[in-house]
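**Student:** Supplied in structure tokens, the structure appears directly below.
The values are calculated or read from the model by the stated rules, or taken from the named source; none is laboratory data. All figures in this text were calculated on a predicted structure; none of them were measured in a lab. We place every Cβ from the backbone using ideal geometry, glycine too, and count neighbours over all the protein chains shown. Remember, those area values only see protein heavy atoms, side chains included, never the ligands or the DNA or RNA. Shrake-Rupley method; radii C 1.70, N 1.55, O 1.52, S 1.80 Å.
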Amino acid sequence: MHFVIIQSTSDYSLFTLKTATDFTALLVYVDDIILASTSLSEFQRIKTILDSHFKIKDLGVLKYFLGLEVAHSKSGITISQRKYCLDLLNDSGLLGSKPASTPLDPSIKLHQDNGKPFEDVAAYRRLIGRLLYLNTTRPDITFATQQLSQFLHAPTMTHFNAACRVIRYLKHNPGRGLLFPRDSEIQLLGYSDSDWAGCIDSRKSISGYCFFLGSSLISWRAKKQQTISRSSSEAEYRALSTATCELQWLLHLFRDLEVTSTRQPVLYCDSQSAIHIASNPVFHERTKHLDIDCHLVREKVQQGTLRLLQIPSQEQLADF
């Protein structure tokens, strides 16, 4: 009997194989592979096939993958980038510096200033690139790296010093990472927020979202919006639209992984006006420019894909 391995359309590096009784998933990045299966015999069969074609090396239970350190325990699985973070501290020459309490100085608003240019632009770009990869397990520096990545073309000493502060912040706990509890509920919970006109240079707003699978944080992002929002409601709604797209992608990925949610996904927003726009089908002069984004979010609400709930601003986890 032959079974077909299917490539996921949600993530092209994911391949799945489903039989009447078992499910197997392969995650491939160049020549590194993660293999997971519900059957040990199927697990061994696929390893044998891969070895006969590519001469693979079995490294046993997953402990290290592309800079990610994986630790297993009875309570759950922890993922961190401790060695990667320590290498970053060492290479930057800040291993012996004084730790910072926050990723960014709250008294400084980063923008394209007229200060002294940072001469080694390539070094600044490499540093920000490494910080961006560290975002994989460090959501606490997501907003900081989003801010710093805006000045890759012409960084100043202010921007470089701010990047150094992020590294000094990491010195507090280089092994900090993410815990995925084994008893976590299979329900998607999302949080969406925006910083209206947060960019001083362009006055564009910044969207932020994060998603939990039960109590496990699985997705987060901070990104400048493509257009200028004329009101905080518009900025909140555009952030809500971006979060809805991410939720839809996660649901497609779960489907490929044969994961079924126990309850309907929920998306939390602290803007009552944005939630009203999603439920009000009448467009007037002040909201007609939101037509496309409104249709997207409302369509998913009406289809039952997600449920929109209001949350107090002080409990808004997406407020990076």
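**Student:** Using 0.36 nm times the number of residues separating Arg307 and Ile186, minus their current alpha carbon distance, what extension gain do you get?
**Tutor:** Extending this stretch completely gives an extra 42.0 nm.
**Student:** I've got another one for you. What size of dipole, in debye to the nearest 20, comes out for the chain about its Cα centre when the only charges are +1 on Lys and Arg C-beta atoms and -1 on Asp and Glu C-beta atoms? Intermediate results must be reported in sequence, preceding the final value.
**Tutor:** Working: 35 positive and 32 negative charges, 98 e Å.
So the magnitude is around 460 debye.
**Student:** A follow-up question, please. What does a probe at Val70 reach in region 1-31, counting residues whose amide N is under 13 Å from the point 7 Å along Cα→Cβ?
**Tutor:** 25-29
**Student:** Mind running the shape call on region 93-211? Use the C-alpha gyration tensor, a ≥ b ≥ c as the square roots of the eigenvalues: rounded below 1.5 for a/c, prolate if a/b tops b/c, oblate otherwise. The partial results should precede the final answer.
**Tutor:** Details: a/c = 2.28, a/b = 1.37, b/c = 1.67.
Because a/c hits 1.5 or more and a/b fails to exceed b/c, region 93-211 counts as oblate.
**Student:** Specify which residue in the list His72, Gly60, Gly115 is farthest towards the positive end of the charge dipole of region 1-130, using unit charges on the beta carbon of Lys, Arg (+1) and Asp, Glu (-1), about the Cα centre.
**Tutor:** Most positive-ward Cα: His72.
**Student:** What lysines does Lys55 reach when the alpha-carbon gap must be under 19 Å and sequence neighbours fewer than 8 apart in one chain are set aside?
**Tutor:** Lys47
**Student:** Calculate, in nm to one decimal, what Thr48 and Ile5 gain on full extension: separation in residues at 0.36 nm each, minus their alpha carbon distance. Walk me through the intermediate numbers first.
**Tutor:** Working: separation 43, 0.36 × 43 = 15.48 nm, distance 1.54 nm.
Taking Thr48 through Ile5 to full extension adds about 13.9 nm, to one decimal.
**Student:** While we're looking at this one, here's another question. Work from the charge dipole of the chain (Cβ charges, +1 for Lys and Arg, -1 for Asp and Glu, about the Cα centre) and give the residue of Leu240, Ile33, Leu131 farthest towards its positive end.
**Tutor:** Leu131
**Student:** Given points 7 Å out from each Cα along the Cα-Cβ axis, report the Val259 to Ser41 separation in nanometres with one decimal.
**Tutor:** If labels sit at Val259 and Ser41, their model points lie 2.8 nm apart.
**Student:** Using 1/(1 + (r/R0)^6) with R0 = 30 angstrom and r between the beta carbons of Ala154 and Asp87, what's the FRET efficiency to the nearest 0.05? Spell out each step's value before the answer.
**Tutor:** Working: r = 27 Å, r/R0 = 0.91.
Efficiency for this residue pair is about 0.65.
**Student:** Accessible area per residue for the chain in Å², computed with a 1.4 Å probe and the full protein assembly in place, what is it? Mind showing how you got there, number by number?
**Tutor:** Numbers: 17900 Å² over 320 residues.
Averaged over the residues of the chain, the accessible area is 56 Å².
**Student:** As an exercise, take the mean of 1/r over every pair of distinct alpha carbons in region 47-103, invert it, and state the Kirkwood radius in angstroms. Write out the running numbers ahead of the final one.
**Tutor:** Details: mean 1/r = 0.0684 Å⁻¹.
Hydrodynamic radius (Kirkwood, Cα only) of region 47-103 equals 14.6 Å.
**Student:** Equivalent-ellipsoid semi-axes (√(5λ), Cα gyration tensor) for the chain, whole Å, largest first? Could you put the intermediate results ahead of the total?
**Tutor:** Details: eigenvalues 249, 186, 57 Å².
Here the semi-axes work out to 35, 30, 17 Å.
**Student:** Give me log10 I(q)/I(0) at q = 0.12, 0.21, 0.22, 0.28 Å⁻¹ for region 156-224, Debye formula, one equal scatterer per alpha-carbon, no solvent.
**Tutor:** So the normalised log intensities are -0.54, -1.01, -1.02, -1.07.
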